[in-house]
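Structure record follows, encoded as structure tokens.
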Amino acid sequence: MNNVNAWSKYGKGELEELEKLCKDYRDFLDKGKTERECVKEIVKLAKKAGYVDINDIIKDKTKLKTGDKVYAVWMDKTVALFNIGKKDIEDGMNILGAHIDSPRMDVKQNPLYEKDGFAYLDTHYYGGIKKYQWVTLPLAIHGVVAKTNGEVIDINIGEDKNDPVFCVTDLLIHLAQSQMDKKANVVIEGEDLDILFGSKPLKGEEKESVKKNVLAIIKKKYGFKEEDFMSAELEIVPAGKARDCGLDKSMIMAYGQDDRVCAYTSLVAMLEAETPDKTTCCLLTDKEEIGSVGATGMRSHFFENMVAEILNAMGSYSDIKLRRCLAASRMLSSDVSACFDPTFANSFDKKNAAIFGEGMVFNKFTGARGKSNSNDANAEYLAAIRKILEDAGVCYQTAELGKVDIGGGGTIAYILSLYGMEVVDCGVAVLNMHAPWEITSKADIYETKKGYVAFLLGA
């Protein structure tokens, strides 16, 4: 296997394309630190590219035809784009599927309390994190507060230069002897991931004066009261913008690249692939980090329902046609892979690891240890994908998620494979995966986008 570093093949034109893609990607990351924010930005970009809300198609009883482009949003957290191809949709679709949720901390429903002169927000972490990585960082609060009068207030505190930031405190090293003797998974307990929220007392108040001052600020500046936390979705994420990383600016360091790096490259590929033979779909879902559950996760019927709506709007819906369409489809489960890190080389089988800069990564299977809970792609499908990528001049590689008895992970691939369609995992290699700040190679991002375009047009 003589994989080459993708940087070595670029001329001036491709380097300019690469830098533009990555600049736009950084902008997308800054605007989309939550699922709702991502969906809002995705819809904005889709509309600009000529996509129409499927609800307008349904309402107007418009008949979809070749070349029509529609999008569907569910609960503001999941979105699907469809570009109607030349072939009968019963012959299947080419699908790119990624997720737009990322590990974080969520504010609890009864979160605000005062203790010894400090106000705190109580949190519950979301997804797989190393809890100790989230202390002493500048943090921001993103989300919505829904009031009983129907008003929904957007919250974004900590990103503007004039905003305050927040943090989880840690014990100073001088007093941390006992703490340092603990295992890493209990150095910081989940219930200790509380956000430092304020320390100034409200004048004239003796009991819970700091909490009351915080509530007064919330009411004046953001227009809600303590009870409204019950119907809020507030996510705690690292504050700050995505940045170039390395003196050579060859990498990107940012929050939420698992899996927004694959979501964004999938979206860009979808918007670029203008006239496909087969109907194409870009499916960007929620809740993957906690098992793809719930009404906005991949296990919901949202995708199946939307394909049914597409068939109906084409004037050809039937249950058997829906089933045939899904079974005949091909999908790339666009998700990140673990990048080989020389600092932790003992955790990887290097000859089966994703190497930075060598292009998009294919994981034939995921799961854990004995391939438990895995999607394992067929050899024939992998061969067909290889031909598409090689014909398009895309750099790609294969990998596993660490050594056999160490590694483990999952994606949405196995869920879509239940329809009988061909599915394989592929995406961008990530350093620091699931940490507050993750790192990707610009070359891998560029090659992955190219690979997704080739798949949509050629699979």
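The values are calculated or read from the model by the stated rules, or taken from the named source; none is laboratory data. Just so it is clear, the model here is predicted, and its values are computed rather than measured. Here the Cβ positions follow ideal geometry from the backbone for every residue, glycine too, while neighbour counts run over all protein chains shown. Just so you know, the surface numbers come from the protein's heavy atoms only, side chains and all, with ligands and any DNA or RNA stripped out. Shrake-Rupley method; radii C 1.70, N 1.55, O 1.52, S 1.80 Å.
Working only within region 51-76, note down all residues that are part of a loop (DSSP other than H, G, I, E, B) and exposed (fewer than 13 other Cβ atoms within 10 Å of the Cβ).
If we filter region 51-76 for residues that are part of a loop (DSSP other than H, G, I, E, B), which is where we start, we get 51, 61-68, 75-76.
Residues satisfying the conditions are 61, 63, 65.
In region 132-176, which residue that is over 28 Å from the mean Cα position of the chain (by Cα) and closer than 21 Å to residue 227 by Cβ is most open to solvent (accessible area, probe 1.4 Å)? Break it down into steps so the answer makes sense when it comes.
In the first step, residues of region 132-176 are kept if they are over 28 Å from the mean Cα position of the chain (by Cα); the result is 148-150, 170-176.
Now drop any that are not closer than 21 Å to residue 227 by Cβ, which leaves 148-150.
Working: 148: 146, 149: 109, 150: 59 Å².
Looking at residues that are over 28 Å from the mean Cα position of the chain (by Cα) and closer than 21 Å to residue 227 by Cβ, I get 148.
Which residues, counting only those in region 110-146, are free of Cβ contacts under 8 Å to residues at least 12 places away in the same chain and touching a helix residue (DSSP H, G or I) at 6+ places or on another chain (Cβ under 7 Å)? First the steps, then the outcome.
The first filter runs over region 110-146 and keeps only residues free of Cβ contacts under 8 Å to residues at least 12 places away in the same chain, leaving 115-116.
Result: no residue meets the conditions.
Would you confirm, using the coordinates I've provided, whether residue 24 is of a type in the set (Asp, Glu), open to solvent by 50 Å² or more (accessible area, probe 1.4 Å) and not in a loop (DSSP other than H, G, I, E, B)?
Working: of a type in the set (Asp, Glu): yes; open to solvent by 50 Å² or more (accessible area, probe 1.4 Å): yes; not in a loop (DSSP other than H, G, I, E, B): yes.
The answer is yes for residue 24.
List the pairs whose first member sits in region 219-236 and is within 12 Å of residue 155 (Cα to Cα), whose second member is surrounded by 18 or more Cβ atoms within 10 Å (Cβ to Cβ) and of a type in the set (Gly, Ala, Ser), and whose Cβ atoms are under 6 Å apart, counting only residues at least 6 apart or on separate chains?
Within 6 Å, the pairs are 233/143; 234/143; 235/143.
Does residue 429 fit the bill of being among the small types (Gly, Ala, Ser) and farther than 18 Å from residue 395 by Cβ? If you could, list the steps in order and put the result at the bottom.
Values: among the small types (Gly, Ala, Ser): yes; farther than 18 Å from residue 395 by Cβ: no.
Criteria not met by residue 429.
Could you figure out which of (1) surrounded by 19 or more Cβ atoms within 10 Å (Cβ to Cβ); (2) in contact (Cβ under 8 Å) with a residue 60 or more places away in the chain isn't true of residue 353?
All conditions pass for residue 353, except number (2).
Which condition number in (1) within 25 Å of the chain's Cα centre (by Cα); (2) open to solvent by less than 40 Å² (accessible area, probe 1.4 Å); (3) not hydrophobic (A, V, I, L, M, F, W, C) is the one that residue 179 fails?
The number of the failed condition is (1).
In region 209-228, is there at least one residue being of a type outside the set (A, V, I, L, M, F, W, C), closer than 20 Å to residue 35 by Cβ and within 30 Å of the chain's Cα centre (by Cα)? Please lay out each step first, then the result.
Of region 209-228, the ones of a type outside the set (A, V, I, L, M, F, W, C) are 209, 211-213, 219-223, 225-228.
Cutting the leftovers down to closer than 20 Å to residue 35 by Cβ gives us none.
Within region 209-228 (the criterion being of a type outside the set (A, V, I, L, M, F, W, C), closer than 20 Å to residue 35 by Cβ and within 30 Å of the chain's Cα centre (by Cα)), the answer is no, since none of the residues qualifies.
I'm trying to understand the selection: among the residues of region 418-444, which are surrounded by fewer than 19 Cβ atoms within 10 Å (Cβ to Cβ) and over 20 Å from the mean Cα position of the chain (by Cα)?
418, 419, 420, 421
For the structure I just gave you, tell me whether residue 43 is assigned to a strand (DSSP E or B) and surrounded by 14 or more Cβ atoms within 10 Å (Cβ to Cβ). Full working, then the answer.
Numbers: assigned to a strand (DSSP E or B): no; surrounded by 14 or more Cβ atoms within 10 Å (Cβ to Cβ): yes.
For residue 43, the condition - assigned to a strand (DSSP E or B) and surrounded by 14 or more Cβ atoms within 10 Å (Cβ to Cβ) - is not met.
Could you list, ordered by first residue, the pairs with Cβ atoms under 7 Å in which the first is in region 419-434 and on the phi > 0 side of the Ramachandran plot and the second is part of a strand (DSSP E or B) and open to solvent by 40 Å² or more (accessible area, probe 1.4 Å), at least 6 apart or interchain?
Sorted first by the residue in region 419-434, then by its partner, the list stays empty.
Tell me, please, whether a residue that is open to solvent by 30 Å² or more (accessible area, probe 1.4 Å) and more than 16 Å from residue 408 (Cα to Cα) can be found in region 357-365. Even if it seems obvious, please write down each step before you answer.
Residues of region 357-365 that are open to solvent by 30 Å² or more (accessible area, probe 1.4 Å), as a first pass: 358, 364-365.
In the following step, the residues that additionally are more than 16 Å from residue 408 (Cα to Cα) were identified as 358.
Yes; the residues of region 357-365 include at least one that is open to solvent by 30 Å² or more (accessible area, probe 1.4 Å) and more than 16 Å from residue 408 (Cα to Cα).
Out of everything in region 307-349 that is buried (at least 22 other Cβ atoms within 10 Å of the Cβ) and hydroxyl-bearing (Ser, Thr, Tyr), what residue ends up being farthest from residue 380 (Cα to Cα)?
The selected residue is 337.
Looking only at region 428-459, count how many residues are under 18 Å from residue 378 (Cα atoms) and not in a helix (DSSP H, G or I).
The number of residues fulfilling the criteria is 1.
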